[in-house]
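The structure appears below as structure tokens.
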Amino acid sequence: MRIRTLFLALILLGPTGAVHAQDRLEDAPGYVDLRTFEAWFDASPTLEVSVKGPLLRLVAEASRYDDPDLAEMLAGLRAIQVRGFPLRRSDFDEVARRASEMADRLEARGWDTVIRVRKDDEQVDMHVKVQDGRIAGMVVMVVQPGYDETVFLNIVGEIDPEQIGRLGRKFNIGRLEDW
Amino acid sequence: MQPFDPAPPRDWMDERLEGYLDGDLTPEETARFERGLRRDDWAAELRRAASIRDGLRALPLPECPPHVTRAVLREARRRARAEWLHRTREGLTHAWRLTARPALAMAVLVALVVVAALVTRPPRPAPARAEVEHALAEVKWTLAYLSEVGRQTGASVHRDVLDAHVFGPMHEALGAFAHDPPE
């Protein structure tokens, strides 16, 4: 009887491992591995943001008292990651070409293009991943010569662009080091 | 002169009567018993005992009824089987205690450890307050950056596309119409 109970417990514990594996951030439809962009540059990123998992939940709770709208938006997200790189003007064409190729690959994988800007010294791409009628991820690629003007950004989770724009306007943009 | 040899007591004789008939006495007991036959009526007693023995030997051997035989054999087999089961159970219990139970307990323990390692992760230390504050600043900066990208892109589209190719030509056309309206 005791042995039967023990084997039943083992059988019940077994599937929980599979469930845990399915919940990996890397498997989320709106996730993009920013290490792909790191390989385009010789230098390390000059700008790096990686807020996900338990830290993101704590950030949401920390902002709930001062900014409930921000907390509500963050509660629907799974990860916010940003990489900024220095880019010489001589390398602009090469990096811009790679960003265009990445934009094409994202479109091939079902990402929708929201913004596409092509200038002589600036290139901007913004894509969103829609799943079940909701935005599940956002990717922004800004290629521009400068210290940290070339930025790659990925937000994973339920995104409301209008809410992001409204909240973002409240905060003054500047250098991240100044925050 | 013959040595004095008293006759054996009666109960001694009685106890050895059958033994004498069956030839089971020692030579000294046989000699003493035969000396005791000379007195009283032990000789007649001996003849009577021999007659009874011979009569009993002449009787036919009784046969055991078949149902009694079957019952006896059945009971014998039952007892033999019960004895075998008892010995086997004791042997298995002994083996279980010595080897199988410890081995099974170890296997279950190993399985539990493996399952626990697969399912659970080591508890991560909670982020410090400063780390959370810094992460919040990073999040706000990211949102501000996104908003700025959208604003600048919109301004760029308005300036480079709408103003240059839509509003500008429309304004020029309207101005020309105002200065030189068609008749």
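The values are calculated or read from the model by the stated rules, or taken from the named source; none is laboratory data. This one's a predicted model, so the numbers in the text were calculated from it and none came from an experiment. Methodologically, a virtual Cβ is constructed for each residue, glycine included, from the backbone with ideal geometry; neighbour enumeration extends over all protein chains shown.
Among the candidates B:A126, B:A71, which residue alone is within 14 Å of chain A (Cβ to nearest Cβ) and without any contact (Cβ under 8 Å) to a residue 40 or more places away in the chain?
B:A126
Can you confirm whether segment A:88-99 contains a residue that is closer than 28 Å to A:L167 by Cβ, of a type outside the set (K, R) and not in a strand (DSSP E or B)?
yes
Okay, residues lined up against (1) at pLDDT 85 or above; (2) not in a loop (DSSP other than H, G, I, E, B):
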| position | (1), (2) |
| --- | --- |
| B:E18 | yes, yes |
| B:L25 | yes, no |
| B:E63 | no, no |
| B:A76 | yes, yes |
| B:A95 | no, yes |
| B:L98 | no, yes |
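Just one of (1) touching a helix residue (DSSP H, G or I) at 6+ places or on another chain (Cβ under 8 Å); (2) modelled with pLDDT of 85 or more trips up B:D5, so point out which.
Going through (1) touching a helix residue (DSSP H, G or I) at 6+ places or on another chain (Cβ under 8 Å); (2) modelled with pLDDT of 85 or more one by one, B:D5 breaks only (2).
Pull up segment A:45-69, narrow it to residues that are among the small types (G, A, S) and touching a helix residue (DSSP H, G or I) at 6+ places or on another chain (Cβ under 8 Å), then point me to the one that is nearest to A:I155 (Cα to Cα).
Filtering first and then ranking leaves A:G53.
Which residues, taken from segment A:100-124, are part of a strand (DSSP E or B) and of a type in the set (A, V, I, L, M, F, W, C)?
A:V114, A:I115, A:V117, A:V124
Which of (1) more than 26 Å from the chain's Cα centre (by Cα); (2) over 30 Å from B:Y20 (Cα atoms) is the odd one out, the single condition B:A100 does not satisfy?
Every listed condition holds for B:A100 apart from (1).
Hey, can you tell me all the residues within segment A:73-87 that are crowded, with 18+ Cβ neighbours inside 10 Å and not in a strand (DSSP E or B)?
Once the filter is applied, which keeps residues that are crowded, with 18+ Cβ neighbours inside 10 Å and not in a strand (DSSP E or B), segment A:73-87 yields A:M73, A:L74.
Kindly list, by first and then second residue, each pair from a residue in segment B:45-67 that is closer than 16 Å to B:E34 by Cα to a residue that is of a type outside the set (D, E) and assigned to a helix (DSSP H, G or I), limited to pairs with Cβ atoms under 8 Å and residues at least 6 apart or on different chains.
Filtered contacts from segment B:45-67: B:E45/B:L17; B:L46/B:L17; B:L46/B:Y20; B:L46/B:L21; B:A49/B:L17; B:A49/B:L21; B:A50/B:L21.
List, please: which pairs have Cβ atoms under 6 Å, are six or more places apart or on different chains, and start with a residue in segment A:150-172 that is under 30 Å from A:D91 (Cα atoms) and at pLDDT 95 or above and end with one that is assigned to a strand (DSSP E or B) and charged (D, E, K, R)?
Here the result reads A:F152/A:R83; A:V156/A:R78, each pair linking segment A:150-172 to a residue that is assigned to a strand (DSSP E or B) and charged (D, E, K, R).
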